[in-house]
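The values are calculated or read from the model by the stated rules, or taken from the named source; none is laboratory data. For clarity, every value in this text was computed on a predicted model and none was experimentally measured. Glycine gets a Cβ as well: all are built from the backbone with ideal geometry, and neighbour counts include every protein chain shown. For accessibility, only protein heavy atoms count, side chains too; no ligands or nucleic acids. Shrake-Rupley method; radii C 1.70, N 1.55, O 1.52, S 1.80 Å.
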Amino acid sequence: MATEGESSDGSTSESLDLLPSALLGTIFAKLDVSSICSCATTCRTFRACVSHILSFIPTFHLLEVAPSLDLLSPLMPPNPYMKSLKVDCNRLDNSAIRTLVRPSLQELCLINCADFSGKLLSEIGGLCKDLRSLCLGSVAENRGRAIHISDLEELLSGCTHLEALVLMFDVSLFPRHNVAQVWTLASEKLTSLEIGYISSVMVTELLRPNLGFHQSPIQIQLSILPNIQKLCLSVDYITDTMVTTISRGLISLTHLDLRDAPLSEPSVTLDLTNNGLQQINQYGRLKHLSLIRSQEFLLTYFRRVNDLGLLLMADKCSNMESICLGGFCRVTDTGFKTIFHACSKLYKLKVSHGTQLTDLIFHDISATSLSLLHVSLRWCSLLTNQAVANLACNKHLKVLDLRCCRNLGDESLRAIRTLTKLKALLLDGSDISDVGLSFLRPTVIQSLVSLSVRGCKKLTDKCISALFEGCSITELQELDLSNLPSLSDNGVLLLAKSRIPVFELRMRQCPLIGDTSIMALASMQVDEERWHGNSLRLLDLFNCGGITQLSFRWLKKPYFPRLRWLGVTGSVNRDMVDALARTRPFLHVACHGEELGVEQWDSSDGLYMHDYDEEDELEQWLWEDDGDTDDEEMVGAEPMEQFLP
């Protein structure tokens with residue numbers, strides 16, 4: 001029998017678990033939580049070392065899975081050295097507060113806190129005196145939970161060193177008459193504030209409160225959020241009054257992001273006009289501006305803003321680097337071109353629902369000094385191939401979003417193929433064909449991280465070979481093939497054979513996608529030395545016509561070991577969905593058609609990217625007792641290697 005340190009053939013070999021524990025601790029301490037847990041699965045020595053490390057690591061980030069308190073507690077022993085904590089709290093409630101809230105923290109991010117009450121805020125204010133950055137998402141959104149103004153008061157008065165605050169929930173529920181007074185308690189060091197929802201009236205009263213008997217306007221103005229540089233708000237209506245109040249009151253503002261989603265057509269007093277735009281950037285410090293009118297509830301626009309409004313705004317925007325405008329239906333090419341000529345430092349331009357935007361907007365862009373890196377022209381239906389051809393003179397473009405520009409065809413792709421630094425290309429709903437996609441090969445496809453061709457009706461199975469045939473793709477992480485009526489299992493087989501290591505694959509509402517596709521992806525190997533299907537983190541199969549119970553068998557362990565998000569049609573396979581959720585407790589299964597993996601703040605226009613780890617055995621370490629899963633159904637299942645090289 002071979003002794004420790006001796007291999008079976010008699011030769012000696014060194015083992016990592018023979019290293020001094022202090023050295024192992026130093027190495028492990030430099031890893032993230034997922035990697036540390038991966039090491040813990042290898043041997044008893046590493047596991048013991050990891051258990052010790054968790055008591056002094058400075059950073060604990062666990063956002064990929066939503067652990068229960070029973071699973072989280074062993075991972076979070078007392079640790080006076082912890083500075084940064086990020087956790088998905090979807091399975092946690094108030095009972096986890098003592099585990100999460102620690103005096104040593106300087107950064108705290110807790111998302112999906114729907115089952116917590118306002119006690120979470122007050123406890124953070126009471127214990128986290130040294131906190132610099134705080135992000136709380138969806139607090140008290142579940143029935144029976146509530147947040148009181150006193151909870152916010154304790155948070156703001158207790159965290160006196162706070163520099164960045166993100167409250168992604170409805171702040172308008174607080175009594176209006178108390179809000180301004182409570183916010184006077186906020187840290188003077190606060191420079192960044194993001195709020196999930198607040199009424200425009202409350203914003204105005206917050207930044208321009210009523211004066212007390214012995215208080216002058218100057219005293220009040222300097223006492224509330226005096227040093228804010230970044231302000232991101234989602235409101236009911238973007239109004240002249242609110243914009244003017246923000247622009248005049250926040251003298252250090254460099255980043256302003258406002259989004260509204262009206263429930264009814266706004267009156268003139270509840271709307272943005274040319275006068276309001278003229279008030280923006282009173283102090284000339286603004287570098288990033290975003291004004292978006294969402295169509296979430298009502299098809300409505302900024303109907304009281306025209307070219308004159310943008311002309312008046314452009315006079316004060318020479319230092320602007322990023323401009324995002326959504327819903328300005330009366331602004332023409334003339335108005336938008338004033339931005340190009342006024343903002344010589346502009347690198348990011350986003351326009352959505354630009355109903356009067358035409359090819360002329362980029363007609364003379366080559367004559368400007370602009371070097372655009374990020375361009376988004378979503379729902380600009382009058383744009384044609386010529387606009388893209390002119391835009392392509394910006395050879396350093398990294399993000400190009402042309403979703404819902406329905407007049408774009410193959411000639412636009414011929415122009416795009418010169419953009420060799422492109423990282424994200426979104427072409428949803430355009431008129432491109434398989435032949436057009438072949439223009440992206442071999443140059444552009446090599447650099448792309450994200451590609452979306454959702455709803456491009458002309459595409460068939462041949463689009464897969466048009467994109468990937470003969471290419472060694474290593475950068476692509478996200479691929480959206482949703483709503484392609486001619487995409488079938490044959491196309492997915494071609495994708496599996498290409499061995500593209502995508503992390504997110506969306507094929508929702510593809511009627512010809514069936515069980516064969518799931519079997520092919522489950523058996524897919526992107527690396528000979530790795531496990532089957534290891535790269536996929538997100539798979540969206542909602543409303544795919546050929547998905548049956550057989551597919552759910554292939555979605556069980558050990559297949560798709562890294563899968564975290566799955567979209568399926570739950571109403572048809574409810575029992576199978578429930579069974580899958582029980583056997584894979586860390587898998588988020590969406591059954592109602594909701595989009596997966598989209599950030600809450602920027603769900604309509606944002607670009608969602610991950611930086612995935614090379615290994616992921618976190619679930620194995622957290623859920624070792626799950627080895628006895630019900631996998632008898634897999635016995636006798638035919639592997640798909642017969643279809644793959």
| request: Kindly indicate whether any position in segment 289-300 is crowded, with 17+ Cβ neighbours inside 10 Å and assigned to a helix (DSSP H, G or I). | output: no
| task | Test Met242 against the criterion of being buried (at least 17 other Cβ atoms within 10 Å of the Cβ), modelled with pLDDT under 95 and in a helix (DSSP H, G or I), and give yes or no. | result | no
| remark: Residues in segment 152-203 that are within 22 Å of the chain's Cα centre (by Cα), open to solvent by less than 40 Å² (accessible area, probe 1.4 Å), over 23 Å from Asp130 (Cα atoms) and not assigned by the TED database to the domain that holds Ile111 total 2
| message | Among (1) over 26 Å from Leu173 (Cβ atoms); (2) modelled with pLDDT of 95 or more; (3) exposed (fewer than 15 other Cβ atoms within 10 Å of the Cβ), there is one condition Leu85 misses while meeting the rest; what is its number? | response | (3)
| request: Just name the residue that is modelled with the lowest pLDDT out of those in segment 225-239 that are open to solvent by 30 Å² or more (accessible area, probe 1.4 Å) and within 23 Å of Leu185 (Cα to Cα). | output: Pro226
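Going through segment 466-506 one residue at a time, which ones are open to solvent by 40 Å² or more (accessible area, probe 1.4 Å), of a type in the set (S, T, N, Q) and in a helix (DSSP H, G or I)?
Asn490
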| said: Given the condition closer than 21 Å to Asn94 by Cα, touching a residue at least 60 places away in the same chain (Cβ under 8 Å) and touching a Cys at 6+ places or on another chain (Cβ under 8 Å), answer yes or no: does some residue in segment 127-137 qualify? | reply: yes
| task | Considering every residue within segment 55-78, establish whether at least one is crowded, with 16+ Cβ neighbours inside 10 Å and over 27 Å from the mean Cα position of the chain (by Cα). | result | no
| query | Checking Ser571 against (1) crowded, with 16+ Cβ neighbours inside 10 Å; (2) more than 20 Å from Met519 (Cα to Cα); (3) at pLDDT 50 or above, which single condition isn't satisfied? | reply | (1)
| In segment 507-563, which residues are in a loop (DSSP other than H, G, I, E, B), modelled with pLDDT of 85 or more and open to solvent by 40 Å² or more (accessible area, probe 1.4 Å)? | Gln509, Pro511, Asn543, Gly545, Thr548, Tyr559
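Looking at segment 152-174 only, could you name the residues that are more than 22 Å from Arg91 (Cα to Cα) and either among the charged types (D, E, K, R) or in a loop (DSSP other than H, G, I, E, B) (or both)?
Those that are more than 22 Å from Arg91 (Cα to Cα) and either among the charged types (D, E, K, R) or in a loop (DSSP other than H, G, I, E, B) (or both): Glu153, Glu154, Cys159, Thr160, His161, Leu162, Glu163, Phe174.
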| request: For segment 105-138, name all the residues that are among the hydroxyl-bearing types (Ser, Thr, Tyr), in a loop (DSSP other than H, G, I, E, B) and open to solvent by 20 Å² or more (accessible area, probe 1.4 Å). | output: Ser117
